[in-house]
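Let me begin by presenting the structure, written as structure tokens, before commenting on it.
The values are calculated or read from the model by the stated rules, or taken from the named source; none is laboratory data. All values derive from a computational prediction rather than experimental measurement. Glycine gets a Cβ as well: all are built from the backbone with ideal geometry, and neighbour counts include every protein chain shown.
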Amino acid sequence: MLKNLTQKQKNKIGLMGATILNNILYMFLNTFLVAYFFTLTNYNYKIISIYYIFSFFALNITFCLLAKVIKEKCRAPIFRMGIALHTIYILVIALLKDKIVDFYIPLGIFYGLVQGFFWSAGHILININAGDDSKNFISLKSILSKSLKVLFPFLFGASIELTSFSSVALVVVILSIIQFLFSLLIQDDKKSNTSKYNLLGYIRYLIKNRAYEMKDCYKIVALDAIINYLLETIVTILIVMTFKTNISLGTLTTVFSLLSILSLFIFQKMIKNNTNILKFGTIFVLLGMFFLLIAINKSTVILYNLFNSIFLVLFLNNAEAKRYSLASRDKKIAKEYIVEHQVISEFFLNGTRIIGYFILFLVSLTNHIVYFKVLLVLIAVCIFLYSTLLIKLNNK
């Protein structure tokens, strides 16, 4: 069947399969690994903050070091190397078991390296092969990812609770191998290597042409670091603090994934032409945050996650598509500066991630619920700004 497909179609299938499985692996590492760290340290999230700070520093450095190679030489081999490194990383965690607490800084750096290899090439491959159709590509990826997340969170949570974290990590290695097989479908388009890497030239282009849409895109990417990453960590912390078990974490993640799938099916086609959905969603997400500020308990944590799974997923999906489609829409950027665009995007994304997790680290030093709630207020402000920018871009 694959013989009848064009190479670009094969690339899309390979990218779809590899990125979907990466989302499952990411969920395992960024949800259950956070929970594992959290329980091993007796509910101290200081180590989690430091782990991520070092991880995002390493990710940014890896992106910058690989950018020239990716633009001028190859992408697919680097993408596959990222998958291979991811497998090694999971095996290291499986072998270390509860000793991961003693090596959280090297593990954070290693994970940043892994993500740097995977996404420095991955973003460019998506832009080249699905940039013009990024909305549909991202929507399908989200729906398929959420469908798999219906099964795996409960499976992971129950297995960790009944067996061990390291035994489940071995199952994740099998998923990594399947991910690598998907990546073998991807081949580089040599015609896309037509210009030299020139980051300063791209920055001058943005300034000279007053590229307001691209500037708004980078603002959204920066805010995405708080809303899509820091918030996910905080939600995991809240669930573990409130419900205490990995089974509860897995069950709730499964239920919320089901709601996200329904939301994507019902609302996704309306997003482009109906900004009222974004406005409506903003109200409910902020309302859920308000309930958390009043009291953090099982009811408010479930309610907040309920609103997030229905509405925030639409924001994140829409924002991810913008990162690719806005660059593809500008012919100059699409032809000469795709790699530079993704490097700038990662700079803003990881820079804000580092700031966000540093704030979480400062909150962990106080160990006071009041400061934790202040952090939630800051996230609420970011959500409001995020939705405002998305609505602005959707109206253009």
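Evaluating Asn305 against the criteria (1) modelled with pLDDT of 85 or more; (2) over 30 Å from Tyr212 (Cβ atoms); (3) not hydroxyl-bearing (Ser, Thr, Tyr) leaves one unmet condition, (1).
The helices (runs of 4 or more DSSP H) found entirely in region 1-113 that carry 2 or more residues being out of contact with any strand residue (DSSP E or B) (no Cβ under 6 Å at 6 or more places or on another chain) and under 19 Å from Ser364 (Cβ atoms) are 33-40, 46-72. Under the condition of being modelled with pLDDT of 85 or more and either surrounded by fewer than 20 Cβ atoms within 10 Å (Cβ to Cβ) or not β-branched (Val, Ile, Thr) (or both), the residues counted in region 178-206 number 20. Take Ile78 and tell me if it is in contact (Cβ under 8 Å) with a residue 40 or more places away in the chain and more than 18 Å from Ser176 (Cβ to Cβ). No, not satisfied. Can you confirm whether region 61-75 contains a residue that is more than 20 Å from Leu184 (Cβ to Cβ), among the aromatic types (Phe, Trp, Tyr), touching a residue at least 12 places away in the same chain (Cβ under 8 Å) and crowded, with 24+ Cβ neighbours inside 10 Å? Taking every residue of region 61-75 in turn, at least one turns out to be more than 20 Å from Leu184 (Cβ to Cβ), among the aromatic types (Phe, Trp, Tyr), touching a residue at least 12 places away in the same chain (Cβ under 8 Å) and crowded, with 24+ Cβ neighbours inside 10 Å. Quick check, is Thr254 modelled with pLDDT of 75 or more and assigned to a helix (DSSP H, G or I)? Spelling it out, it is not the case that Thr254 is modelled with pLDDT of 75 or more and assigned to a helix (DSSP H, G or I). Residues of region 21-51 that are under 27 Å from Ile143 (Cα atoms), buried (at least 22 other Cβ atoms within 10 Å of the Cβ) and modelled with pLDDT of 75 or more: Leu21, Asn22, Leu25.
Within region 273-294, residues that are buried (at least 17 other Cβ atoms within 10 Å of the Cβ) sit with their Cβ atoms under 8 Å from residues that are among the charged types (D, E, K, R), at 6+ positions apart or across chains, in these pairs: Leu292/Lys373.
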